[in-house]
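Participant: Here you go, one structure.
Nothing in this text is a laboratory measurement; each read-out follows from the coordinates by a stated rule. Note that the coordinates shown come from a computational prediction; the quantities given were computed from them, not determined experimentally. Cβ sites come from the backbone with ideal geometry, for glycine too, and all protein chains shown count toward neighbours.
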Amino acid sequence: MKCTRCRAVAAVALPRHNAGFCPDCFQVFFTRQVEKAIKDNLLFSKEDKILTALSGGKDSLALSRELKLLGYDIAGLHVDLAIPESSVQAREHVLNFCKIFEIPVHILDMDKECLPIPEIKKRISRPVCSMCGRIKRYYFNRFALENGFTVLATGHNLDDETARLFSNVLRWDQSYLGDQGPVLEARQGFVRKVKPLYRLSEYETANYCFITGINYCYTPCPYSKGASFTYYKSILDDLEHEQPGRKISFYEGFLRRAKKYFAEREDGRDTNLKPCPRCSYPTSAEICGVCRIRAMLSAG
Ligand code: AMP
Ligand code: FES
Ligand code: ZN
């Protein structure tokens, strides 16, 4: 196969674009997809102070490299979850990457915050992933607001986003559907959140890291086995294989034609929010979810 742009030998085939690219042209393709996502959705500008959430995995590192090369003002935040089997490796990959690309990086230790994930896991019978996700989102938001960042960027890709959309549609979850998309505007107590990689698949970010020499963390979280998203991703992969382009048309079709019917509900939900009496961050409950987890741990 020949490269669609320069006719050299292609290294990456992209059936959904009916194209294949050599390593150099693939990077151009990747950058254009990121630029298109930023431009089409007005994600941010050169004036913004952007915090990228860095897990150490391929997506968030690929995103940071792109934003840095495009000249945006970025810094990284890594949340160290204190999971013995994977956190040390993840943190090291983030620190090495940020050193190479001269990106300022901040680390938040969940051990020091009295929220180590393994301790939480011991005390609950449900999978710990949803509590872990809640803690991460809380600290992304809080750190961004307390340190003057105007935007929080995560490495969610097309596979993450379509699996989430599929799951939300299966449950017809109105409030999650109203919030789903590449941008969630800032509201009282919440920083603006963006997902500039939503047009790129996991396969594409993995290839990008391989081609650009980004050394990312492969060690999976030991608690994530059997998550329902993994199953939805495999269903959508089969669909994409049979019908190339299905994922992006499902997602963009939702954004263009369906999201507005769910988004109208946002205002109604916001009125229920008030500051958590312990940490002052918004919650619709008596005490916010993260303060409740901390209280559960300190109760022993
Ligand atoms: P995941 O939920 O693990 O698929 O991660 C989605 C995105 O959340 C990643 O691309 C990162 O931007 C961010 N993220 C996940 N885990 C962490 C972490 N421990 N520290 C900082 N950012 C993270
Ligand atoms: Fe949070 Fe696995 S990364 S439970
Ligand atoms: Zn709180």
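Participant: Taking Cα atoms, how many degrees apart are the long axis of helix 289-298 and the longest axis of the chain, rounded to 10 and kept between 0 and 90?
Facilitator: Between helix and principal axis, roughly 60 degrees.
Participant: Normalised by the empirical 2.2 N^0.38 Å for globular proteins, what value does the Cα Rg of region 79-198 take?
Facilitator: Rg over 2.2 N^0.38 Å, computed on Cα atoms: 1.17.
Participant: A follow-up question, please. Taking only Cα atoms, what is the 0 to 90° angle, nearest 10, from helix 129-146's long axis to the longest principal axis of the chain?
Facilitator: 90 degrees
Participant: Which semi-axes, in whole Å and largest first, does the equivalent ellipsoid of the chain have when worked out from the alpha carbon gyration tensor as the square roots of 5 times its eigenvalues? Working shown, then result.
Facilitator: Working: eigenvalues 200, 104, 78 Å².
The three semi-axes for the chain are 32, 23, 20 Å.
Participant: Cα convex hull of region 141-300: how many Å³ per residue?
Facilitator: Values: hull volume 27.3 nm³, N = 160.
So the per-residue hull volume is 171 Å³.
Participant: Only bridges with both residues in the chain count here: give the DSSP antiparallel percent, nearest 5.
Facilitator: Among the beta bridges of the chain, antiparallel pairing accounts for roughly 35 percent.
Participant: In square nanometres, what is the average projected area of the Cα convex hull of region 188-240?
Facilitator: 6.3 nm²
Participant: Write down Rg/Rh for region 1-157, rounded to two decimals, with Rg from the C-alpha atoms and Rh from the Kirkwood relation over Cα pairs.
Facilitator: 1.05
Participant: Between residue 70 and residue 5, what is the FRET efficiency for a Förster distance of 22 Å, r being their Cβ-Cβ separation, to the nearest 0.05? Kindly include the intermediate steps, with their values, before the conclusion.
Facilitator: Working: r = 19 Å, r/R0 = 0.88.
For residue 70 and residue 5, the calculated efficiency is 0.70.
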